Each structure stands twice: as C-alpha cells, then as structure tokens.
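Asker: Below you'll find the structure I mean.
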Amino acid sequence: SQFTCDHQCNAPEKWDNAFKECAGKYQSPINIVTRKTLKDERLTPIQFKNYQQIFRSTIINNGHSVQVGVPHPSTISGGGLQGIYKAVQFHLHWGSNGGPGSEHTIDGEQYPMELHIVHMNSHYTDLTTALRDPEGIAVLGFFYEKSNSANRKYEAIINTLRNVKATNGNTSLPAISLAQLIPSEQNLTSYYRYKGSLTTPGCAEAVVWTVFEKPIPLSMDQLGAFSELQFHDGKQMMGNFRPVQPLNGRQVFRSGS
Ligand code: BO1
Ligand code: ZN
C-alpha cells in the first residue's frame, strides 16, 4: 500500500506492525563498517547518461521528505549494475538544523543529510512490478557535509523550500540537472554496494544500494533551511531518517578503484 503519514511517518519503530516487509531480513539503511567491506573489482565507475541534461520539474513536500520527479531519461549503468536504470525521482533525509540526519552511516558516523536518487530497471515501466524484483530499483545515496561557504549549485532548490513548507505544498523548480547536485564524476569512483530495501513503507527488498564516499558540501544555513519544512502535523520536518537496520549476514562491497 502507498505510504502516507497516517502510518506514523515519524515513528519507524511502528512500521514493522503495519507493513510486513519492514520487518524483513534485508532492510535499509545500514551502518557500513568499512573494515568489513569487500573490495570488488567489478565495481568499476558507474556510467552516468544524460545527468548533465537540464530539466524543469516540480518540488513537492510529500509529508515525509521533499521530492523532485525526474521527467527525462537520465540513466545509470555499469559499476556492477545488471542493466540500465532510469532516474525517477530524488529526495532527501536530514537531521535537525544540520545535526545528524543521514540514513546510512559510515563506521557509526551519521552525516547531516543524505540525497537519494531513485532509479528503476529499464525492463520495467512501472514501479509496482520493479518492486517485486530484488534488483528492480537502484538508489544512489550521497552524503552532505557542513561547509563554511554556501554551495551555489543548491541555491535554486533551497530557495524553493519556503514555498513548500506544508504537506502537499508544491512549486515549480527552476531548471536544474542531476549532475549539478552531485560531486563531479571523477569523485564518484569510491562507493559501497549492498542489497537492501526502500527505507520507508512498504520497505520492499528490491533495492541495489550504491552509497558514495565523497560528501556534497552545504553551508549550515543551507542545511538548516530543510528544517523549516513541516510534517503533515505541522511539526518541523527534521529527523526524517530511518535508523540503521541489522545486516543479517549481508556482505557490503566497495568499489575497486
Ligand atoms: S528510499 O530511497 O529508500 N528512501 C525510497 C523510499 C520509498 C520509495 C522510494 C525510495 N517509494 C517509492 C514508492 C512508489 C513510487 C516510487 C518512486 O517511490 O513506493 O510508489 O512510485 O517515486
Ligand atoms: Zn530516501
């Protein structure tokens, strides 16, 4: 079923009861213990196609995050992925005013925010079918770090946040590209890979996760701007991350370069 805030957006510990798959064995996010990762030479640099393409879209407060649909065929392939994956949407998870807020953690370190670019295997035309395939979805996860200066590439997006404060608030986004949101390609060769799930209900175990090592810099003001958004109950939207889940014997791999 579709995840709405009637199902305790802010209470991940209650999801297991309402959504069977959230109690599964291969859930996300996880803490990545770097000394236990296994280097895999097949994890070559990911091929980004059309990531430079500029598009117009709408930014929406969906009650648990702020989300932007990707309306054009940006794709990823290579890097050990089985086939081509099309970008569908991106959204973020964050803490309180720049405090800890990422979903994945690295050796126990929680970053202030995490970007998820959600892709669907190009075999599929709808998410519902893709969610039944253990590799139907590929999510790219990027961490943010505090910087002393503002990141100009994020100004346009962050300036729209004041217009989408309330749940279901939406506004048009100035033209952007996916490439402008993430580190340059030569900084994307180091990443972690494992098999897991969506981090919100229904928690489908259908996700090939790629978590990049290189964080994206944002100023404290830029990070803090996300805390001005509101959950459906009007409370400040912050801490919209799921806590880390048990690995249950899964191996986490790291890229070969
Ligand atoms: S995440 O990247 O693991 N945080 C994540 C969590 C939930 C979704 C996507 C990514 N949900 C799915 C919905 C679908 C929707 C799709 C694309 O996102 O279950 O109904 O079509 O927006
Ligand atoms: Zn997410």
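The values are calculated or read from the model by the stated rules, or taken from the named source; none is laboratory data. Predicted, not measured: the structure shown is a model, and the values here were computed from it. A quick note on method: Cβ atoms are made from the backbone with ideal geometry, for glycine too, and the neighbour counts reach across all protein chains shown. Ligands, DNA and RNA are stripped out before the accessible areas are found, and what is left, the full protein with its side chains, is counted by its heavy atoms. Shrake-Rupley method; radii C 1.70, N 1.55, O 1.52, S 1.80 Å.
Asker: Largest first and to the nearest Å, give the Cα extent of segment 86-179 along each principal axis.
Answerer: The principal-axis extents, from largest down, are 43, 38, 27 Å.
Asker: What's the extension gain from Asn163 to Ser147 if we count 0.36 nm per residue and subtract their Cα-Cα distance?
Answerer: Here the segment from Asn163 to Ser147 would lengthen by 3.3 nm.
Asker: Using amide H atoms built 1.01 Å from N in the peptide plane, name the residues 5+ places from Ala138, or on other chains, whose amide H lies under 5 Å from its own.
Answerer: His119, Met120, Asn121, Val208
Asker: With contacts defined as alpha carbon pairs under 8 Å and 6 or more residues apart, what's the relative contact order of the chain in percent?
Answerer: Contact order relative to length: 30 percent.
Asker: Specify the inter-centroid distance of segment 201-257 and segment 66-87, based on alpha-carbon positions, in whole Å.
Answerer: Centre-to-centre (Cα) distance: 18 Å.
Asker: Beyond 27 Å, how much of the Cα-Cα pair distribution for the chain remains, as a whole percent?
Answerer: 32
Asker: Residue by residue through segment 158-175, what is 3J(HN,Hα) from phi via Karplus (6.51 cos²θ - 1.76 cosθ + 1.60, θ = phi - 60°)? Round to whole Hz and write x for glycine and proline.
Answerer: 5, 5, 7, 4, 5, 8, 10, 4, 8, 4, 6, x, 8, 7, 6, 9, x, 3
Asker: Something else: Using only the Cα atoms of segment 109-227, each taken as one equal point scatterer with no solvent, compute I(q) by the Debye sum, divide by I(0), and report log10 of the ratio at q = 0.14, 0.17, 0.18 Å⁻¹.
Answerer: After summing over all Cα pairs, the log10 values are -0.73, -1.04, -1.12.
Asker: Additional query: Quick check: pseudo-label points 7 Å beyond the Cα along Cα→Cβ at Ser172 and Glu135, how many nm apart are they?
Answerer: Inter-label distance under the simple model: 4.0 nm.
Asker: Please list, in order along segment 19-24, the HN-Hα scalar couplings obtained from phi with the Karplus expression 6.51 cos²θ - 1.76 cosθ + 1.60 (θ = phi - 60°), rounded to whole Hz, x for Gly and Pro.
Answerer: Ordered by residue, 3J(HN,Hα) equals 10, 3, 5, 5, 9, x Hz.
Asker: So in the chain, what percent of DSSP beta bridges are antiparallel if you round to the nearest 5?
Answerer: So the antiparallel bridges amount to about 75 percent of the total.
Asker: Ranked from highest to lowest mean number of other Cβ atoms within 10 Å per residue, what is the order of the peptides 124-135, 190-201?
Answerer: 190-201, 124-135
Asker: Further question on the same structure: Can you give me the P(r) profile for segment 183-257? Cα pairs, bins 5 angstrom wide beginning at 0, each as a whole percent.
Answerer: Percent of pairs per bin, in order: 3, 12, 14, 18, 17, 19, 12, 4, 1, 0.
Asker: Which of the residue pairs Lys14/Lys36; Lys36/Lys214; Lys25/Lys195; Lys165/Lys195 have a Cα-Cα distance greater than 22 Å in the structure shown?
Answerer: Beyond 22 Å: Lys14/Lys36; Lys165/Lys195.
Asker: So, for the chain, what is the accessible surface per residue at a probe of 1.4 Å, expressed in square angstrom?
Answerer: Roughly 46 Å² per residue, with all protein chains present.
Asker: Can you tell me the Rg and the Dmax, both Å, for the Cα atoms in segment 45-116?
Answerer: 14.6, 39
Asker: With all protein chains present, how much of the accessible area of the chain (probe radius 1.4 Å) comes from carbon and sulfur, to the nearest whole percent?
Answerer: Roughly 48 percent, rounded to a whole number.
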